[in-house]
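Step one of this worksheet: look at the structure below.
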Amino acid sequence: QVQLVESGGGLVQPGGSLRLSCAASTRIFSMYVMGWYRQAPGEQRELVAFITGGGTTNYADSVKGRFTISRDNAKNTIYLQMNSLKFEDTAVYYCNANLRSLTIWGQGTQVTVSS
């Protein structure tokens, strides 16, 4: 069973930056489409960004130009570089792995944007 472990969340002021990491325990990491989702209190979980094994990326409109998703297949890890953070980016961020019908979630990491 693949496990995902996120890290890098925390408290940051508006306009600041954070980088999230997600490490996967699988030998076929490059085959997975990997993504970041987030869920704010009282809201539904929403897609932030995803990246294919070949490096194709897609972003939610709300984060385009501010967030960058990347992956290092040699390290079985994806990253989410978050710049120019806003209050509305506050949420629990979840790493997600997809391979055909298999979907796996990480435990989540809290990101709080506050002054």
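The values are calculated or read from the model by the stated rules, or taken from the named source; none is laboratory data. Not measured: the values here are computed from a predicted model. No Cβ is skipped: glycine too gets one built from the backbone with ideal geometry, and neighbour counts run over all protein chains shown.
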- Message: Among the residues that make up the range 93-101, is at least one of them within 21 Å of Gln13 (Cβ to Cβ), surrounded by fewer than 19 Cβ atoms within 10 Å (Cβ to Cβ) and modelled with pLDDT of 95 or more?
- Response: no
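Filter the range 3-42 down to the residues that are among the charged types (D, E, K, R), surrounded by fewer than 17 Cβ atoms within 10 Å (Cβ to Cβ) and touching a residue at least 12 places away in the same chain (Cβ under 8 Å) and list them by number.
Within the range 3-42, Arg19 is the sole residue that qualifies.
Out of all the residues in the range 75-101, which are part of a loop (DSSP other than H, G, I, E, B) and farther than 17 Å from Val2 by Cβ? Please lay out each step first, then the result.
Keep residues of the range 75-101 that are part of a loop (DSSP other than H, G, I, E, B), which gives 75-76, 83-86, 90, 100-101.
Within the range 75-101, Asn83, Ser84, Leu85, Lys86, Thr90 qualify.
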- Filtering the range 24-53 down to residues that are charged (D, E, K, R) and under 17 Å from Gly8 (Cα atoms) yields Arg38
- Message: Looking at the range 50-73, can you tell me whether even one residue there is among the acidic types (Asp, Glu) and not in a strand (DSSP E or B)?
- Response: yes
